[in-house]
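Asks: Starting off with a structure, shown below.
The values are calculated or read from the model by the stated rules, or taken from the named source; none is laboratory data. Computed from a predicted structure; not experimentally measured. Cβ atoms come from the backbone with ideal geometry, glycine included; neighbour counts cover every protein chain shown. We work out accessible area using only protein heavy atoms, side chains counted, and drop any ligands, DNA or RNA first. Shrake-Rupley method; radii C 1.70, N 1.55, O 1.52, S 1.80 Å.
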Amino acid sequence: MAVQQLVMPKLGLTMTEGTVLEWHVAEGSTFKRGDILVVVESDKVANEVEAPEDGRLLKIIVAAGDTVEVATPIAEWTADVEVGAAANVVHAAPPPAVVAPQTGVAPGGPRRRRATATEATIARRLTEAKQTIPHFYLATEIDAGPMQALRARWKASNPQDGLTVTHLIVMALARTLAAHPELNVVWEGDEFVELERVDIGIAVHVPSGLVVPMLRAADRLDIAGIARSVSALAERARASELTAEDFGGGAVSVSNAGMHDVTYMSSIINPGQAAILGVGSERSSFRPGKDGSPTLVREIGMVLSCDHRVLDGVRGLKLLNGVKSRLENPAEWLA
């Protein structure tokens, strides 16, 4: 019987270690090719590891909850079994003699559902981020008029391609970071890490919660490239087609909740980054005009959540006001 080792996989270029979240197969159990053996977590996302072929799990070396380096053996298995032999099957979770309802302890009681590995990862990482990153917040409103006028002109000349507020914000943020590389920095350990590339995180809502895939080298794209790339990234996220390579890196993310009727949103910084820009809904407001009389304008509220280890008030405002200036004067940087 040839014994083989299942090792901690390398799920991304920057991954050096992983955590075993959950074993789906118990010691002694058989499995078929394509079955989920284990769920492991890199520093960015939970990943399901499939069986490469039919076999039996002989020994679990790394228990759930333990973290090991990439390529470390986490289990032993063999392919020299007949998976269909019922006498050899050992179930990972034998059913109890009496099966109780899984949705509550009594009629009318609270419904409970165990979090998936992905949901548990999101919850743990957001909790860790809020507890370990010293957040502070900077808020402003932008005049949405010039931006919406640009969108109207774009639609007239490019009826087949949609241009959204998110696309324009991502481009304004990328251009601001490219113009001020001293802001494209993150905190790692006890060091400042100056990033060579402008990658922007795009928060996307999926059934399991929020995921934040990265738009790579965003500063090198024109507005059409931004629109296509952001839309494609969001579509892949909703279709559960993202890979480990889509996560990690970048200093800043964008989270646009404007479609959900909210004025301001103070977001939690994505772990490993230095800031996140929360975007609210477009609102009508009266502001003093040039002659001092009330003028009706359309505004969008934005809140920049900052890691105070990296961005102080002045640096944070340079970033936020850089985005604001570009969005209110799009002709100056989109020509």
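Asks: Restricting the first residue to segment 14-36 and requiring it to be free of Cβ contacts under 8 Å to residues at least 40 places away in the same chain and assigned to a strand (DSSP E or B), which pairs with a second residue that is of a type in the set (Asp, Glu) and open to solvent by 80 Å² or more (accessible area, probe 1.4 Å) meet a Cβ separation below 7 Å and a spacing of at least six or different chains?
Replies: The qualifying pairs are ILE36/GLU48; ILE36/GLU50.
Asks: Looking at segment 29-87 only, could you name the residues that are of a type in the set (Ser, Thr, Tyr) and either touching a Ser or Thr at 6+ places or on another chain (Cβ under 7 Å) or modelled with pLDDT under 90 (or both)?
Replies: Those that are of a type in the set (Ser, Thr, Tyr) and either touching a Ser or Thr at 6+ places or on another chain (Cβ under 7 Å) or modelled with pLDDT under 90 (or both): SER42, THR67.
Asks: Further question on the same structure: Restricting segment 246-277 to residues that are in a strand (DSSP E or B) and not small (Gly, Ala, Ser), which is most open to solvent (accessible area, probe 1.4 Å)?
Replies: Among those that are in a strand (DSSP E or B) and not small (Gly, Ala, Ser), it is ASN256.
Asks: I've got another one for you. Of the numbered conditions (1) open to solvent by less than 20 Å² (accessible area, probe 1.4 Å); (2) in contact with a strand residue (DSSP E or B) (Cβ under 9 Å, 6 or more places away or on another chain); (3) within 22 Å of ALA331 (Cα to Cα), ILE202 fails exactly one; give the number of that condition.
Replies: Checking ILE202 against (1) open to solvent by less than 20 Å² (accessible area, probe 1.4 Å); (2) in contact with a strand residue (DSSP E or B) (Cβ under 9 Å, 6 or more places away or on another chain); (3) within 22 Å of ALA331 (Cα to Cα), the one that fails is (3).
Asks: Could you go through segment 179-195 and let me know if any residue there is among the β-branched types (Val, Ile, Thr), open to solvent by less than 30 Å² (accessible area, probe 1.4 Å) and out of contact with any strand residue (DSSP E or B) (no Cβ under 6 Å at 6 or more places or on another chain).
Replies: No, segment 179-195 contains no residue that is among the β-branched types (Val, Ile, Thr), open to solvent by less than 30 Å² (accessible area, probe 1.4 Å) and out of contact with any strand residue (DSSP E or B) (no Cβ under 6 Å at 6 or more places or on another chain).
Asks: Shifting gears a bit: Do the conditions hold for ILE300, that is, is it in a loop (DSSP other than H, G, I, E, B) and buried (at least 19 other Cβ atoms within 10 Å of the Cβ)?
Replies: no
Asks: Hey, does segment 165-173 have a residue that's part of a strand (DSSP E or B) and either within 22 Å of the chain's Cα centre (by Cα) or hydrophobic (A, V, I, L, M, F, W, C) (or both)?
Replies: no
Asks: Residue check: is THR166 crowded, with 18+ Cβ neighbours inside 10 Å, out of contact with any helix residue (DSSP H, G or I) (no Cβ under 6 Å at 6 or more places or on another chain) and farther than 21 Å from LEU304 by Cα?
Replies: Spelling it out, it is not the case that THR166 is crowded, with 18+ Cβ neighbours inside 10 Å, out of contact with any helix residue (DSSP H, G or I) (no Cβ under 6 Å at 6 or more places or on another chain) and farther than 21 Å from LEU304 by Cα.
Asks: Considering only segment 110-140, state which residues are open to solvent by less than 60 Å² (accessible area, probe 1.4 Å), touching a strand residue (DSSP E or B) at 6+ places or on another chain (Cβ under 7 Å) and not aliphatic (A, V, I, L, M).
Replies: Within segment 110-140, THR118, GLU119, THR121, PRO134, HIS135, PHE136, THR140 meet the criteria.
Asks: Go through (1) at pLDDT below 95; (2) part of a helix (DSSP H, G or I); (3) open to solvent by 30 Å² or more (accessible area, probe 1.4 Å) one by one and return the number of the condition VAL314 breaks.
Replies: (1)
Residues are listed down the side, and each one gets a yes or a no for (1) of a type in the set (Phe, Trp, Tyr); (2) closer than 19 Å to ILE269 by Cα; (3) without any contact (Cβ under 8 Å) to a residue 12 or more places away in the chain:
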site: VAL170; (1), (2), (3): no, yes, no
site: ARG175; (1), (2), (3): no, no, no
site: ALA179; (1), (2), (3): no, no, no
site: GLU194; (1), (2), (3): no, yes, no
site: ALA232; (1), (2), (3): no, no, yes
site: GLU245; (1), (2), (3): no, no, no
site: GLY249; (1), (2), (3): no, yes, no
site: ASN256; (1), (2), (3): no, yes, no
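Asks: Evaluate the following for ARG216: is it modelled with pLDDT of 90 or more and within 15 Å of the chain's Cα centre (by Cα)?
Replies: yes
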